[in-house]
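Heads up: the structure comes next, in structure tokens.
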Amino acid sequence: MSLLRPSVSSLRTASISSSFARQRVGRVFLNFRQMSTDQYEYILTSRPADGVALITLNRPKALNALCTPLFNELNKALGDFDNDDSVRAVVLTGSERAFAAGADIKEMKDKEYAEVYKGKFLESWTLMTSIRKPIIAAVSGYALGGGCELALMCDIILASPTAVFGQPEINIGVIPGGGGTQRLARVIGKSRTMELTLTGRNFSGEEAAAWGMVSRVVGQGEGQVVKEAVDMASVIAGKSAIAVQAGKEAVNTAYESTLDEGLRFERRLFHSLFATKDQKEGMTAFVEKRKPNWSHS
Ligand code: CAA
């Protein structure tokens, strides 16, 4: 996969408020001091637990509006984590106030048809859907327009009680362009998607959970949704990476194929796992009543 390269600046460590500096996350500690912008301007990356990478959108003054350089950085970081065997699950989050308030309206305002059409505007957003490792969105605050679409491109969504989702593009004279009409319709159905797209009404995490778009709304508290997402990512990172990848591929196929094709594909993937060491190890460990020791091969 060819990913766009951001400009490289010096390595910097982000200054994070001390209340966020070190927090217990299940069995692990989130050491937010380790958060680094690396070569990035608009995102922070860190490794909060074994096998887990955390990407934090970091454009607070614009409520994490998704300008092109931010998305290029996100694609670069995701591509790097995808190629790094020590990363087995990724958490994507924003701030308490905003996961992301949409595509950058100021960047889009003066664009013309020829430019967006010939330049394939927003097409690079879909690169993240070819990442093989699971991506968990931890959503607090606004997830509007492109922000909602970004969450929908992740594999699992956890929401904080403050999460506000919506596709408000109709209010600025356009429609969703990052997959909102298509992915929402597949997940929450036509009538709700039509209502949300045509009225621009926001909806809560509770509604999103009731509709099956969000796995669950976590308890209250600053940083709670990130902690729970990292906990979930740690559980996934403790499985066979090859089986996790196959599981993700199989579930995603449910959205791309007929039931018959999907079932055949799932069965073929299941069969193919019998060629892995982890299948032998997992089943042998069960029979020997011990924990499996995954080689991820
Ligand atoms: N693009 C660019 N800047 C944005 C932005 C966006 N999507 N959302 C917020 N900002 C900026 C604001 O312009 C403001 O910047 P200034 O201080 O420089 O004026 C700053 O973030 C803070 O925003 P507000 O002052 O508006 O904060 P608020 O708390 O009063 O309101 C909000 C928050 C309800 C999220 C409001 O900012 C808002 O409605 N934002 C736009 C939401 C939206 O329409 N998103 C869809 C964008 S189009 C899209 O995403 C297309 C697609 O499908 C890909």
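For ASN252 and HIS271, calculate 0.36 nm times their separation in residues minus their Cα-Cα distance, and state this gained length in nm to one decimal.
Values: separation 19, 0.36 × 19 = 6.84 nm, distance 1.78 nm.
Gain in length upon complete extension: 5.1 nm.
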*Note down the accessible area of SER191, probe 1.4 Å, to the nearest 10 Å².*
90 Å²
*Once the piece of chain linking ALA210 and LYS291 is laid out straight, how much longer is it, given 0.36 nm per residue of separation minus the C-alpha distance between them?*
25.6 nm
*Evaluate the charge dipole of the chain about its Cα centre and quote only its size in Debye, nearest 20, assuming +1 on the Cβ of each Lys and Arg and -1 on the Cβ of each Asp and Glu.*
640 debye
*Quick one: how many Å² of PHE270 are accessible to a 1.4 Å probe, rounded to 10?*
110 Å²
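Sort ILE43, ILE172 from largest to smallest accessible area, using a 1.4 Å probe on the heavy atoms of the protein chains.
Numbers: ILE43 0, ILE172 90 Å².
Descending order: ILE172, ILE43.
Return one quarter of the surface area of the convex hull spanned by the alpha-carbon atoms of region 8-237, equal to its mean projected area, in nm². All intermediate terms of the calculation are to be shown ahead of the outcome.
Numbers: hull surface 48.7 nm².
Taking the Cα atoms of region 8-237, their convex hull projects to 12.2 nm² on average.
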*What's the center-to-center distance, using Cα atoms, between region 113-154 and region 164-182 in Å?*
12 Å
*Under 19 Å Cα-Cα from LYS109, which aspartates and glutamates qualify once same-chain neighbours fewer than 8 residues away are excluded?*
GLU123, GLU169
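Filter LYS133/LYS291; LYS239/LYS277; LYS76/LYS133 down to the pairs with a C-alpha to C-alpha distance above 20 Å, please.
Numbers: LYS133/LYS291 23 Å; LYS239/LYS277 13 Å; LYS76/LYS133 14 Å.
Too far apart for the 20 Å limit: LYS133/LYS291.
Could you tell me how many cubic angstrom of Cα convex hull volume region 52-185 has per residue? Can you show the working numbers first?
Working: hull volume 14.2 nm³, N = 134.
Each residue corresponds to 106 Å³ of Cα convex hull volume.
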*the chain: relative contact order as a whole-number percent, Cα under 8 Å and 6+ apart*: 15 percent
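Among the helices of the chain (complete DSSP H runs), which have Cα atoms covering no less than 20 Å along the helix axis and a Kyte-Doolittle mean of at least -0.5? Mind dumping the intermediate values first?
Working: long enough: 68-82 (21 Å, -0.35).
Those that pass (Cα extent of 20 Å or more, hydropathy at least -0.5) are 68-82.
Ignoring ligands, DNA and RNA, how do TYR42, TYR113, TYR142 rank by accessible area with a 1.4 Å probe, largest first?
On the way: TYR42 45, TYR113 155, TYR142 90 Å².
Accessible-area ranking of TYR42, TYR113, TYR142, largest first: TYR113, TYR142, TYR42.
For region 241-287, compute Rg over Rh where Rg is the Cα radius of gyration and Rh is the Kirkwood radius from the inverse mean 1/r over Cα pairs. The partial results should precede the final answer.
Working: Rg = 12.0 Å, Rh = 11.3 Å.
In region 241-287, Rg relative to Rh is 1.06.
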*Quick one: accessible surface of TRP211, probe radius 1.4 Å, all protein chains present, in square angstrom to the nearest 10.*
40 Å²
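All other residues with a Cβ under 15 Å from the Cβ of ARG264 taken together, and with Lys, Arg as +1 and Asp, Glu as -1, what is their net charge? Before the final figure, lay out the partial values.
On the way: positive: ARG267, ARG268; negative: GLU249, GLU256, ASP260, GLU261, GLU266.
Every neighbour counted, the sum reads -3.
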*Expected 222 nm ellipticity per residue - DSSP helices of 4 or more, -39500 (n - 2.57), all of the chain, to 500*: -11000 deg cm²/dmol
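Stretched out fully, how many nm does the piece from ARG132 to GLU107 gain, at 0.36 nm a residue minus the Cα gap? Before the final figure, lay out each step's value.
Details: separation 25, 0.36 × 25 = 9.00 nm, distance 3.02 nm.
Taking 0.36 nm per residue and subtracting the Cα distance, the gain is 6.0 nm.
The values are calculated or read from the model by the stated rules, or taken from the named source; none is laboratory data. Predicted, not measured: the structure shown is a model, and the values here were computed from it. Cβ sites come from the backbone with ideal geometry, for glycine too, and all protein chains shown count toward neighbours. Calculation scope for accessible area: heavy atoms of the full protein, side chains included, ligands and nucleic acids excluded. Shrake-Rupley method; radii C 1.70, N 1.55, O 1.52, S 1.80 Å.
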